[in-house]
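Take a look at the structure set out below.
The values are calculated or read from the model by the stated rules, or taken from the named source; none is laboratory data. Quick caveat: nothing in here was measured; it's all calculated off a predicted structure. When we count neighbours, we look across all protein chains shown, and the Cβ atoms used for this are built from the backbone with ideal geometry, even at glycine. SASA here: full protein model, heavy atoms, side chains in, ligands and nucleic acids out. Shrake-Rupley method; radii C 1.70, N 1.55, O 1.52, S 1.80 Å.
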Amino acid sequence: MALTRLFAIYPSNKEFGRIQKNLRRALLMPNYVVGHKIPDSDSICSAIALSYLKTTLGEETVPARLGELTPETLFILDKFGFEQPELKTSYAGESLYIVDHSERTQGPDDIDDATILGIIDHHKLGDITTSTPLEIWVRPVGCTNTIIKMMYDFHNVEIPKNIAGAMMCAILSDTVIFKSPTCTTADIKCVEALAEIAGIENPKDLGMDMFKVKSAVDGTPVRDLVLRDFKDFDMNGNLVGIGQLEVIDLAIFDNMKADLEADIAKLKAEGNRHSVLLLLTDIMKEGSELLVVSDNDNLSLEAFGEATTDGKVWLDGVLSRKKQVVPPLQGVFAK
Ligand code: MN
Ligand code: MN
């Protein structure tokens with residue numbers, strides 16, 4: 001490359017080496033890895049794990065985030081000694097890897113002006129398209145970090161202890177400690193292997209500690225709770241927002257349910273959405289109470305075979321938004 005040749009003709013000393021490195025960095029610009037808006041633990045730990053892998057393979061890559069982190073993710077970063085990835089929302093003219101989704105509504109707003117180098121994901125294929133060839137690793141497993149582990153194995157790169165710990169926690173989070181119907185044998189085997197590397201004796205205990213942190217909602221503003229894990233979907237031209245709160249006991253919402261319902265109605269109006277759904281998931285009872293505001297009064301009945309009473313219904317066995325909520329809703333909107 002011309003730039004390398006240019007640097008080769010200069011004398012080399014320590015000070016000049018530093019300038020050279022900064023100049024090289026400024027001219028070449030690193031690649032980024034970024035997950036979805038309203039980042040969860042999988043999006044953040046994927047960004048950290050993939051950027052280390054890519055950088056080790058000789059491609060300077062930096063993890064980034066599109067928003068503030070949840071208490072659960074902060075717990076993981078603190079436990080394994082990571083800084084928060086850089087908050088970066090604009091990517092025009094830059095190159096990036098997308099992890100943990102492939103939807104335009106969930107990516108950076110200026111995604112059309114960026115170069116997508118790759119997509120690593122475990123959701124339904126979204127609507128991101130590219131004008132250049134890209135690397136794609138999409139697998140129907142419980143967590144993006146399970147796929148990234150496959151990438152480490154493929155490239156025969158050793159996973160550092162702290163990265164293994166963060167990857168393991170992301171898998172425990174996304175699979176609800178293996179209870180989610182999205183969980184596969186690959187995810188379970190991956191957690192076992194990562195726990196070994198990270199030196200964690202009982203991953204399930206650590207998973208419960210994580211969900212306890214996640215369940216501490218007292219004192220958090222209602223809007224923050226509604227948006228904590230919230231995704232917008234374009235369903236046949238209709239904007240549908242779906243939030244989810246996973247806790248170890250639904251009783252903690254007893255005093256705030258009316259406020260949550262009022263807030264999702266507001267959110268629907270503000271965003272000109274067709275519907276807003278909020279899943280209050282009880283990971284011990286293994287089901288979700290669904291709160292709905294929609295232009296279609298029969299949305300829940302048509303999608304899940306269960307009508308709402310006062311905008312609420314208990315859906316037994318429903319733990320996964322991507323596998324048990326999004327597909328039936330899309331079926332309703334496709335009609
Ligand atoms: Mn995610
Ligand atoms: Mn995920």
Exercise. What number of residues within the stretch 40-99 are assigned to a helix (DSSP H, G or I) and of a type in the set (G, A, S)?
Worked result: 6
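Name the residue, out of G142, G118, G165, that is touching a residue at least 12 places away in the same chain (Cβ under 8 Å), open to solvent by less than 30 Å² (accessible area, probe 1.4 Å) and within 13 Å of ligand 1 (Cβ to nearest atom).
G142
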Exercise. Taking into account only those residues within the stretch 153-162 that are among the hydrophobic types (A, V, I, L, M, F, W, C) and open to solvent by less than 40 Å² (accessible area, probe 1.4 Å), which is farthest from ligand 2 (Cβ to nearest atom)?
Worked result: V157
Exercise. Looking only at the stretch 214-265, which residues are among the aliphatic types (A, V, I, L, M), closer than 21 Å to D174 by Cβ, touching a Ser or Thr at 6+ places or on another chain (Cβ under 9 Å) and part of a helix (DSSP H, G or I)?
Worked result: L250
Exercise. Since Y91 meets every condition but one in (1) open to solvent by less than 10 Å² (accessible area, probe 1.4 Å); (2) within 27 Å of H155 (Cα to Cα), which condition does it not meet?
Worked result: (2)
Seminar exercise, completed: S294 vs (1) free of Cβ contacts under 8 Å to residues at least 40 places away in the same chain; (2) open to solvent by 30 Å² or more (accessible area, probe 1.4 Å): all pass except (2)
Exercise. Is there a residue in the stretch 81-95 that is more than 16 Å from S173 (Cβ to Cβ), more than 16 Å from ligand 1 (Cβ to nearest atom), of a type in the set (F, W, Y) and touching a helix residue (DSSP H, G or I) at 6+ places or on another chain (Cβ under 8 Å)?
Worked result: yes
Problem set entry | Residue satisfying condition, being open to solvent by 20 Å² or more (accessible area, probe 1.4 Å), part of a helix (DSSP H, G or I) and under 29 Å from L280 (Cα atoms), within set I188, I197 | I188
Exercise. If M150 satisfies every condition in (1) surrounded by 17 or more Cβ atoms within 10 Å (Cβ to Cβ); (2) over 25 Å from L279 (Cβ atoms); (3) under 21 Å from the mean Cα position of the chain (by Cα); (4) of a type outside the set (D, E) but one, which is the exception?
Worked result: (1)
Exercise. Would the stretch 276-287 turn up any residue that is over 30 Å from L172 (Cβ atoms) and either at pLDDT 95 or above or touching a Phe, Trp or Tyr at 6+ places or on another chain (Cβ under 8 Å) (or both)?
Worked result: no
For this session: Say whether the condition of being open to solvent by 30 Å² or more (accessible area, probe 1.4 Å), more than 16 Å from ligand 2 (Cβ to nearest atom), at pLDDT below 95 and not aromatic (F, W, Y) is met by at least one residue in the stretch 51-59.
Result: no
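Does I177 satisfy being open to solvent by 10 Å² or more (accessible area, probe 1.4 Å), at positive phi and either within 15 Å of ligand 1 (Cβ to nearest atom) or in a loop (DSSP other than H, G, I, E, B) (or both)?
Against the criterion (open to solvent by 10 Å² or more (accessible area, probe 1.4 Å), at positive phi and either within 15 Å of ligand 1 (Cβ to nearest atom) or in a loop (DSSP other than H, G, I, E, B) (or both)), I177 qualifies.
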